[in-house]
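Engineer: Just dropping this structure here.
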Amino acid sequence: STLIFLLTITKKKSRYYPNMKSLFTILFCLVFITNVQSQQNEQKTINTDSSASYNIPEYVVTATRTEKNVFFVPREVEVFGAKEISAMTVKMLPDLFESSPSVTMQKTNYGGGSPIMRGLIGNRILILVDGIRLNNSTFRFGPNQYLNTVDASMIEKVEVVDGPGSVLYGSDALGGVINIITKNAQRSSVSTTVSSADNSIVEHVSLHKSINNLNIAAGGSYKKFDDVRDAESDQIPTGFSEYDAYSKIEFSPVENHSMTAMYQFSLLKDVPRTDRIISKTDLQYNFTPQQRELAYIKYNASVNSSFVESFSAVVSYSRQLEGREVISMKNTKLLTKDRDDVHTIGMNIDFHSLVTTKHLLTYGFEYYNDLILSNRKEIKLATNAVTTKKSQFPNGSTYNTIELFLQDEINFSPFYLTLGLRYSSFEFSGELDTVFGNVKSTPSTVTSSASLLYNVTQSVNLIAGFSEGFRAPNTDDIAKFGKSGSGTGARYDVPSLSLEPEKSMNYEFGIKYRDENIRVNLFSYLAEYVNLITPKRSTYNGDDSLSGYPVYANQNIDEAKIYGWSADVMWNLDRNLTARGTVMLTRGENITEDEPLSRIPPMRGFLSARYDFTKSWVELYSTFSMSQQRLSTADIADFRIGPNGTNEFWTGNIRGGLNFSSNVSAIVSVENVFNRYYKIHGSGINSPGRNFTIRTEIIL
C-alpha cells in the first residue's frame, strides 16, 4: 500500500523533470513488484560483494544504510578510521578533513568549521551522529560552526558520501552526507595534546568496563585554546574553551539482538566570531554558550523471519543551544543577547529484507520534531537596563518532519543496480508577528535515485548514477527575523512564506580500481539546481530598510549548475611505505544571475608519503590550493572573501608516532614547517603558522 501511495503522489507533474521522474518511479515499482511475486520463496542469502582481498578492506554503512565493502559502493565515499584520526592529532573535528579529496573546510572563526562539498555549504550539507541528524530546522544557509560541537576524541570513524543523499536521509543532503560514528570503547585511556600556534591543551579521559554481555563506557574532554597565531601575528580574538562528556552502554540480551544507550554533551564558551571584529562591523561577537546534547536508545536485531531479515529502531533526543552576545560598532553602548534553544525528538526505523539471493530491500520511516525557544534582549551597558526585543525565530514554533524511504539493491552480476525512492513531508508552525500572524508552511516532495555498478574485473568497477536531491525550507528560511551578514553584505532578514523545496538533478560517473598495492578512485559529476532559496531585496510593512540595513526576504528564484571531478590515489610502494595523492576541482555557475556561484572553492589537493617501522612511523605531507578569483557579487561583498578573492598556497608538514610500550605512545607533528601565510577560501581567519603539536596516550 505504501508503494501504491508513493506511485500515486509522484504522478503530480514536476516543473522541471516530469518525464524522467515518472518513468523512474514506474520502473522502480515494476521491478519491485515483479521480484517480490516471482522470487520471494528462493533461498534468502545475498552476496553482492567480491571475496577478493584489497590493500585497505574498508566497510561503510552510510552510503546504502547496509554494511558494504567500499569497493562495491556505487558512490564516491571516503572513510576516516580511528588510526587516521589518531595520527592526525585532531583537536577539533573540522581539522580532520585537510586530506579529503572532496571536503573543503571553511572557518569563519577558530571555533567553527563548515564543510563545503561539491560547491555547497551550511544547511545544504547533512551531518549525522551515529546516523541521527545533527542538522535541525534552524541551520543557516551559509557557513556555520555546528560540526565543531562534536568532540573528536569520542569518534571511531567518519564516513563521507559525496553528492545527494536525499533518498536515504532526506532534507539538506544536497552536497553530501557526513556520518560521525562514535566509539564502542574497548579500553580505558588518558591522553594529552598540546600545540604551540594556539597555546592549546586538550585533555581526554575514557573509561571502559565489561560485565558479561554488558559494556559500559564513559569519557570526557577539556579543551583550552588561546588566540591562534598565523605566519605573521596573533589573530585577536580567536581563543575559546570547551567541555565534552559522553557515556555509552551496550547490552546483548540474546544472540543477534543488541541495545545501545548513548548520551553526549558538548559546551563551547566565549567563541568569538573573528571576522565581525576584524571587519569592524562589531566591537564584540561571541557565541556563548554553544551547547549540544544528544541522547538515544537504539535496538538492533537479526530476526530471519519469512520476510524481514533484520531491523533497527532508534529513539533520540537532541538539544542545540546557541547564544550570541553582540556589541555593534553602530552602538557600542548596547549589548544584544540572543538565545536560540532547539529541542528535537526523533524516531528512525530501518528494515532489511532479502527477497531473493540477489535482491535486498532496505526501507523505513523517519520522524523529527523541533521545538524552537528563542529570545532576544538588549542591555544598556551604562545602566544595565534590559529591554525584550523580537527574537530571531518565533518563540515556541515547531517544525515537523515525516518521511518514508525505500531502496532496492539488485544483483545482475556483473551489474549491480540500486534504486531508491523517498516521500518527505514537513510542517512549520509559529506566531511570526503582528504583520504575518500565526502561520503554517507545509512543503512536501518525492525524491528518487538510480545507480549502476559494473564489475569489469576483480580489480575494476565502473559506476554511473542519477539522483535527485532536495532541501526543504526550514525555520531559518521561513521565519528568520533580524540582521545577518557582515560588512557591505549586511542585511535585515524578514519572514518568507510559501517557499518550496530546493531541488537538484545529479549525474555521476566514476572508476574504482583495487589491487594488492594500489587504490584509485576517479569521479566526475554534474548537478543542476532549481528553486534555490536566495535572499533578495524586499520590504517589511512597507519599509525597505530596518535598523539601518536593507530588508531581504527569501525567494525560490535561482537556478545553478555545479560540476567537477576528484581523484584519490593510494599506493603501497612496499610493506612499509605508502604514498597518497588527492586532488579536486569544482566549478559553479549561477544561471539566474549569469555569474559564478558563490563560495565555490578553488582546485585543491593533498600529497603524502608514510613509512612504518616496527614501533614507530613517520609521514611527510603537503596541502596545496590554487587561487580563486571567480567571484560572485555576494563573494565580493563578503569580508571573508572580498574583491581580490583568495591566493594560492602550499604547505609542508611532518608528523610521526612512537609506541614506547603496548600501553604508552606519543605522536609529534610540525605543521606548516615553512611558516606560510595563507587561508582557506571563504574563511574569516588565516590558517595557523608553524605549529608544533605533541600528543601522548596511556592505556590504563
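Engineer: For Met117, only one of the following conditions fails: (1) on the phi > 0 side of the Ramachandran plot; (2) under 11 Å from the mean Cα position of the chain (by Cα). What is its number?
Structural biologist: Here Met117 meets the rest and fails (1).
Engineer: Further question: Only one residue in Lys480, Lys503 is basic (Lys, Arg) and within 30 Å of Glu409 (Cβ to Cβ), so which one is that? Full working, then the answer.
Structural biologist: On the way: Lys480 fails: within 30 Å of Glu409 (Cβ to Cβ).
Answer to the check: Lys503.
Engineer: Could you tell me how many of the residues in the stretch 279-296 are touching a residue at least 40 places away in the same chain (Cβ under 8 Å) and surrounded by fewer than 17 Cβ atoms within 10 Å (Cβ to Cβ)?
Structural biologist: 2
Engineer: Give the stretch 667-694 a look and list any residue that's buried (at least 16 other Cβ atoms within 10 Å of the Cβ), among the hydrophobic types (A, V, I, L, M, F, W, C) and in a strand (DSSP E or B), or say none.
Structural biologist: Once the filter is applied, which keeps residues that are buried (at least 16 other Cβ atoms within 10 Å of the Cβ), among the hydrophobic types (A, V, I, L, M, F, W, C) and in a strand (DSSP E or B), the stretch 667-694 yields Ile667, Val668.
Engineer: Quick one: Asp594 ticks every box in (1) in contact with a Phe, Trp or Tyr (Cβ under 9 Å, 6 or more places away or on another chain); (2) without any contact (Cβ under 8 Å) to a residue 12 or more places away in the chain; (3) of a type in the set (Asp, Glu) bar one, so which box is it?
Structural biologist: In the conditions (1) in contact with a Phe, Trp or Tyr (Cβ under 9 Å, 6 or more places away or on another chain); (2) without any contact (Cβ under 8 Å) to a residue 12 or more places away in the chain; (3) of a type in the set (Asp, Glu), Asp594 misses (1) alone.
Engineer: Of all strands (runs of 3 or more DSSP E) completely enclosed by the stretch 314-420, which ones contain at least 2 residues that are over 30 Å from Thr281 (Cα atoms), open to solvent by less than 10 Å² (accessible area, probe 1.4 Å) and touching a residue at least 40 places away in the same chain (Cβ under 8 Å)? Step through it out loud before you land on a result.
Structural biologist: Values: elements: 334-356, 359-380, 385-389, 397-412.
Passing ranges, in order: 334-356, 359-380, 397-412.
Engineer: Filtering the stretch 466-475 down to residues that are open to solvent by 10 Å² or more (accessible area, probe 1.4 Å) and of a type outside the set (Gly, Ala, Ser), which residue is nearest to Arg75 (Cα to Cα)? Please lay out each step first, then the result.
Structural biologist: Here is the first cut: in the stretch 466-475, the ones open to solvent by 10 Å² or more (accessible area, probe 1.4 Å) are 466-468.
Add one more test, that the residue is of a type outside the set (Gly, Ala, Ser), and what stays is 466, 468.
Working: Phe466: 11, Glu468: 14 Å.
So the residue we want is Phe466.
Engineer: Yes or no: the stretch 490-499 includes at least one residue that is open to solvent by 50 Å² or more (accessible area, probe 1.4 Å) and either modelled with pLDDT of 95 or more or in a loop (DSSP other than H, G, I, E, B) (or both).
Structural biologist: From the stretch 490-499, those open to solvent by 50 Å² or more (accessible area, probe 1.4 Å) are 491, 497-498; that's our starting set.
This time we only want the ones that are either modelled with pLDDT of 95 or more or in a loop (DSSP other than H, G, I, E, B) (or both), so: 497-498.
Yes: the stretch 490-499 contains one or more residues that are open to solvent by 50 Å² or more (accessible area, probe 1.4 Å) and either modelled with pLDDT of 95 or more or in a loop (DSSP other than H, G, I, E, B) (or both).
Engineer: Restricting attention to the stretch 622-666, which residues are open to solvent by 50 Å² or more (accessible area, probe 1.4 Å), touching a residue at least 40 places away in the same chain (Cβ under 8 Å), in contact with an Asp or Glu (Cβ under 8 Å, 6 or more places away or on another chain) and under 21 Å from Lys107 (Cβ atoms)?
Structural biologist: Phe639
Engineer: Just for strands (runs of 3 or more DSSP E) wholly inside the stretch 425-482: which have at least 1 residues that are without any contact (Cβ under 8 Å) to a residue 12 or more places away in the chain and either over 29 Å from Thr534 (Cβ atoms) or not aliphatic (A, V, I, L, M) (or both)? Quick ask: steps written out before the conclusion?
Structural biologist: Numbers: elements: 438-441, 444-455, 460-471.
So the answer is 438-441.
Engineer: Considering only residues that are among the aliphatic types (A, V, I, L, M), under 27 Å from Val167 (Cα atoms) and under 17 Å from the mean Cα position of the chain (by Cα), which ones fall in the stretch 72-95? Don't jump to the end; show me each part of the working.
Structural biologist: Here is the first cut: in the stretch 72-95, the ones among the aliphatic types (A, V, I, L, M) are 73, 77, 79, 82, 85, 87-88, 90, 92-93.
From the residues that got through so far, the ones that are under 27 Å from Val167 (Cα atoms) too are 73, 77, 79, 93.
Result: Val77, Val79, Leu93.
Engineer: If I ask for residues that are among the small types (Gly, Ala, Ser), modelled with pLDDT of 95 or more and more than 26 Å from Glu403 (Cα to Cα), which ones from the stretch 429-476 would you list?
Structural biologist: Answer for the stretch 429-476, where residues must be among the small types (Gly, Ala, Ser), modelled with pLDDT of 95 or more and more than 26 Å from Glu403 (Cα to Cα): Ser459, Ala464.
Engineer: Let me ask something else about it. In the stretch 297-313, which residues are over 11 Å from His257 (Cα atoms), part of a loop (DSSP other than H, G, I, E, B), in contact with a strand residue (DSSP E or B) (Cβ under 7 Å, 6 or more places away or on another chain) and open to solvent by 40 Å² or more (accessible area, probe 1.4 Å)?
Structural biologist: Phe307, Glu309
Engineer: In the stretch 207-263, what residues are buried (at least 19 other Cβ atoms within 10 Å of the Cβ) and either of a type in the set (A, V, I, L, M) or in contact with a Cys (Cβ under 8 Å, 6 or more places away or on another chain) (or both)?
Structural biologist: Scanning the stretch 207-263 gives Ala217, Val228, Met262.
Engineer: When the residues of the stretch 508-529 are narrowed to those that are aliphatic (A, V, I, L, M) and surrounded by fewer than 20 Cβ atoms within 10 Å (Cβ to Cβ), which ends up farthest from Gly489 (Cα to Cα)? Give the derivation first.
Structural biologist: So in the stretch 508-529, the residues aliphatic (A, V, I, L, M) come out as 511, 518, 520, 522, 526-527.
From what is left, the residues that are surrounded by fewer than 20 Cβ atoms within 10 Å (Cβ to Cβ) are 511, 518, 520, 522, 526.
On the way: Ile511: 42, Ile518: 47, Val520: 42, Leu522: 38, Leu526: 29 Å.
Across the stretch 508-529, the extreme among qualifying residues is Ile518.
Engineer: Still on this model: Quick one: would you say Gly482 is open to solvent by less than 30 Å² (accessible area, probe 1.4 Å) and either within 22 Å of the chain's Cα centre (by Cα) or closer than 24 Å to Leu419 by Cα (or both)? So that I can check it myself, show each step before the final result.
Structural biologist: Working: open to solvent by less than 30 Å² (accessible area, probe 1.4 Å): yes; either within 22 Å of the chain's Cα centre (by Cα) or closer than 24 Å to Leu419 by Cα (or both): no.
So Gly482 does not fit the description; no.
The values are calculated or read from the model by the stated rules, or taken from the named source; none is laboratory data. Treat the numbers as computed from the prediction; the structure is a model and nothing was measured. Neighbour counts are summed over all protein chains in view; Cβ atoms, including those assigned to glycine, are modelled from backbone coordinates with ideal geometry. Quick note on the areas: whole protein, heavy atoms, side chains included, nothing else; ligands and nucleic acids left out. Shrake-Rupley method; radii C 1.70, N 1.55, O 1.52, S 1.80 Å.
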